[in-house]
1. Collect the residues in the range 98-129 that are open to solvent by less than 50 Å² (accessible area, probe 1.4 Å) and either modelled with pLDDT of 95 or more or within 22 Å of T198 (Cα to Cα) (or both), keeping them in residue-number order.
2. Of all the residues that make up the range 132-160, how many are part of a helix (DSSP H, G or I) and farther than 26 Å from G215 by Cα?
3. Kindly indicate whether any position in the range 323-343 is more than 20 Å from V381 (Cβ to Cβ), part of a loop (DSSP other than H, G, I, E, B), open to solvent by less than 60 Å² (accessible area, probe 1.4 Å) and touching a Gly at 6+ places or on another chain (Cβ under 7 Å).
4. In the range 403-440, which residue that is small (G, A, S) and assigned to a loop (DSSP other than H, G, I, E, B) is most open to solvent (accessible area, probe 1.4 Å)?
5. Which one of these is of a type in the set (S, T, Y), open to solvent by less than 80 Å² (accessible area, probe 1.4 Å), out of contact with any Gly (no Cβ under 8 Å at 6 or more places or on another chain) and assigned to a loop (DSSP other than H, G, I, E, B): S88, S79?
6. Cβ contacts < 8 Å: first residue hydroxyl-bearing (S, T, Y), restricted to the range 310-331; second residue assigned to a loop (DSSP other than H, G, I, E, B), any location; separation 6+ or different chain. Result?
7. Could you pull out the residue among P254, P204 that is surrounded by 23 or more Cβ atoms within 10 Å (Cβ to Cβ) and not β-branched (V, I, T)?
8. Looking only at the range 56-73, decide whether some residue is at pLDDT 85 or above, more than 18 Å from the chain's Cα centre (by Cα), surrounded by fewer than 10 Cβ atoms within 10 Å (Cβ to Cβ) and hydroxyl-bearing (S, T, Y).
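The values are calculated or read from the model by the stated rules, or taken from the named source; none is laboratory data. A quick note: this is a predicted structure, and the numbers were derived from the prediction, not measured. All Cβ positions, even for glycine, are placed from backbone atoms using ideal geometry, and neighbour counts span all protein chains on display. With ligands, DNA and RNA removed, areas are computed over all heavy atoms of the protein, side chains included. Shrake-Rupley method; radii C 1.70, N 1.55, O 1.52, S 1.80 Å.
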Amino acid sequence: MSGWCWQKLAGGLWVASPFRPHLPAGEPSPGRMKSSCVLLTALVALAAYYIYIPLPSSVSDPWKLMLLDATFRSAQQVSNLIHYVGLSHHLLALNFIIVSFGKKSARSSAQVKVTDTDFDGVEVRVFEGSPKPGEPLKRSVVYIHGGGWALASAKIRYYDELCTAMAEELNAVIVSIEYRLVPMVYFPAQIHDVVRATKYFLRPEVLHKYSVDPGRIGISGDSAGGNLAAALGQQFSQDANLRNKLKVQALIYPVLQALDFNTPSYQQNVNTPILPRYVMVKYWVDYFKGSYDFVQAMIVNNHTSLDVEEAAGLRARLNWTSLLPASITKNYKPVVQTTGNAKIVQEIPQLLDARSAPLIADQEVLQHLPKTYVLTCEHDVLRDDGIMYAKRLESAGVEVTLDHFEDGFHGCMIFTSWPTNFSVGIRTRNSYIKWLDQNL
């Protein structure tokens, strides 16, 4: 009988049973191997589905950006789970993950001395480059890191490497501020921290200690750090004792307003990594300790509808149909609701505060600001915030350099080393440092 064999049982009885070929010990059966292959294929397909998102062909290193975005989304989902089970606030959990994988100790080199200290109770990391031959006093930049007012640190690798490069290439002193974050503090505590640390640094005895030229000091920051730098610049411009203390300000893809979440860049990049519109709106709500119940209404501009009287006088200051060129506005249409939810602004009046939204500041405030550099990226919801601010500053008589990168995405400037090294990251950093070198 083909496929069968006879076996003799106890008692002399013979029976037929299916023939099973003997496999060497430890060798998996064909069925088990087939199941493993199916499982592996399914896992690969699932991973590809999770990682892949449609991106414009013009964005820098698209597959690398997909992997970076997938990593960040995974960290967000883990932190949300931790929050859901009640172990920690989701932002604390997320920042713990970010800092744990990227924290770097203050390590000096032959070219740059790095130390951790505090300025008037605010933690800072100071990077001291070597002085130029024949120039005993050095230039200086006060740098404010990004992270939605809630994430990152002056002490993580990305910002440590950026500030080290700035100190070395500019022969400068870079003060990177470790301001307090949401949810430990909320607006305007972050502004208070950067103002306090900067004022302390500007004391004559402190500048003397670090051999800094008092006439060659700038303020800079990226993303939410750009927001804080712009707020600090405006505050200093209104103080007669501080007005001329800053020679330049350099704002890297800054977030500058929370009144209109439907500018052309918000519409174009609604789901673009690593800062989709929904995430940016949530950062704003977190900054003000507001309710997530307002997020969806804010996304469609219900908080600044025509029946919200508090916003009426501010709309002209960010009227993107007149502030943005036709190459940016394209066929996008303004989203202006006739009726909305006045309760949002009543409960979160900080949305209309120029300290949180520097783009809506009075023209009289803007005209006293120093020479300005604004870096924007095409694939970024915040692109138009920066372009509109540059336009308003120019109208106020401020000298402005607008540096736009067609293949850039939000956050790209800090991604310059393996495994998150992007070509546009290196180019934006080089362009930024070059401008500082020529203007500071």
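1. Our first condition is that a residue be open to solvent by less than 50 Å² (accessible area, probe 1.4 Å); within the range 98-129, this holds for 98-99, 102, 106, 112, 114-115, 119, 122, 124-129.
Within the range 98-129, A106, V112, V114, T115, F119, V122, V124, R125, V126, F127, E128, G129 qualify.
2. As a first pass, look at the range 132-160 and keep what is part of a helix (DSSP H, G or I): 157-160.
Now narrow it down to the ones that are farther than 26 Å from G215 by Cα: 157-158.
The qualifying residues number 2.
3. no
4. We begin by selecting, within the range 403-440, every residue small (G, A, S); these are 408, 411, 417, 423, 425, 431.
Subset that is assigned to a loop (DSSP other than H, G, I, E, B): 411, 417.
Numbers: G411: 9, S417: 26 Å².
For the range 403-440, the residue satisfying everything is S417.
5. Working: S79 fails: assigned to a loop (DSSP other than H, G, I, E, B).
Exactly one of S88, S79 is of a type in the set (S, T, Y), open to solvent by less than 80 Å² (accessible area, probe 1.4 Å), out of contact with any Gly (no Cβ under 8 Å at 6 or more places or on another chain) and assigned to a loop (DSSP other than H, G, I, E, B), namely S88.
6. Between residues of the range 310-331 that are hydroxyl-bearing (S, T, Y) and residues that are assigned to a loop (DSSP other than H, G, I, E, B), the close pairs are T321/P334.
7. Values: P204 fails: surrounded by 23 or more Cβ atoms within 10 Å (Cβ to Cβ).
That would be P254, the only listed residue that is surrounded by 23 or more Cβ atoms within 10 Å (Cβ to Cβ) and not β-branched (V, I, T).
8. The answer is yes, given that some residue of the range 56-73 is at pLDDT 85 or above, more than 18 Å from the chain's Cα centre (by Cα), surrounded by fewer than 10 Cβ atoms within 10 Å (Cβ to Cβ) and hydroxyl-bearing (S, T, Y).
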